[in-house]
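I have placed the structure first, in the form of structure tokens, so that the comments after it can refer back to it.
The values are calculated or read from the model by the stated rules, or taken from the named source; none is laboratory data. Everything numeric in this text was worked out from a predicted model, so none of it was measured. Glycine also receives a Cβ, built like all others from the backbone with ideal geometry; neighbour counts cover every protein chain displayed.
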Amino acid sequence: MQSNSEKTNAFKEAMANYPTGVTVVTAIDDNDKPIGLTVNSFASVSLDPLLVLWSIDKRVSTYETFKKIDQFAINLLADNQADIASLFAKSHQDRFANCDWYQSQHQLPIIKGVMASLQCKTFKQIEAGDHTILIGEVVAIDVDKKGPLVYHGRKMGALPASFHEQ
Ligand SMILES: Cc1cc2nc3c(=O)[nH]c(=O)nc-3n(C[C@H](O)[C@H](O)[C@H](O)COP(=O)(O)O)c2cc1C
């Protein structure tokens, strides 16, 4: 029988070994200030309507704000934006003073140079253990022809060249 801590450690190792893209989820708070954090729990959910999801740790400093507001943007980072991923994952940094971004027509912060941005209206929130799953309906999309930033084994980088040779 696996103990709980053995299972937790194996779970962390399996998840660290499972590659994902990297996003920064952003929004504007009640004081008109931009907020955001690095997120790799992002996934697509539905085509009709267009739905995506991500999950937020209840310990995140802006957790209550993300629960309260009714829209957010998913910025899909490009392969040269590992510094942005680190910036939005470290506490006590002035994140938006240290990257190029603009406010969209939907009043959402969009980071410049991303491979895509999805602007979403909150569709549903689901409590799930120590996280909350936020499902968004996509109301606007911009896509640029760029490679994705990949997270694997606690490291970030571009897809290996071999990936394109298949
Ligand atoms: C690659 C990567 C993926 C992450 N994914 C998530 C995620 O899906 N959900 C989450 O709540 N935090 C995630 N985090 C952690 C947050 O980005 C980090 O805790 C951030 O500092 C939280 O914002 P705060 O400092 O305002 O609390 C991730 C961090 C990294 C480096």
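Flag: VAL22 does not match the condition of being more than 29 Å from LYS146 (Cα to Cα), within 15 Å of the chain's Cα centre (by Cα) and either within 12 Å of the ligand (Cβ to nearest atom) or surrounded by fewer than 11 Cβ atoms within 10 Å (Cβ to Cβ) (or both).
Taking residues in the stretch 30-59 that are modelled with pLDDT of 95 or more and among the small types (Gly, Ala, Ser), and partners anywhere that are surrounded by fewer than 13 Cβ atoms within 10 Å (Cβ to Cβ) and part of a strand (DSSP E or B), the pairs with Cβ atoms closer than 8 Å and at least 6 places apart or on different chains are SER55/ALA128. Considered as a group, the residues in the stretch 25-62 that are over 22 Å from LEU87 (Cα atoms) and of a type in the set (Asp, Glu) include one that is farthest from the ligand (Cβ to nearest atom), and that residue is ASP48.
Residue under question is ARG95, and the condition is that it be surrounded by fewer than 16 Cβ atoms within 10 Å (Cβ to Cβ) and near the ligand (Cβ under 9 Å from one of its atoms); does it hold? No, not satisfied.
Counting only strands (runs of 3 or more DSSP E) that sit completely within the stretch 65-166, those holding 3 or more residues that are within 14 Å of the chain's Cα centre (by Cα) and within 29 Å of LYS12 (Cα to Cα) correspond to 71-76, 116-128, 131-143.
Summed over the stretch 81-92, residues that are charged (D, E, K, R) and within 10 Å of the ligand (Cβ to nearest atom) total 1. Any chance the stretch 63-80 includes a residue that's crowded, with 17+ Cβ neighbours inside 10 Å and within 8 Å of the ligand (Cβ to nearest atom)? Scanning the stretch 63-80, I find no residue that is crowded, with 17+ Cβ neighbours inside 10 Å and within 8 Å of the ligand (Cβ to nearest atom), so the answer is no.
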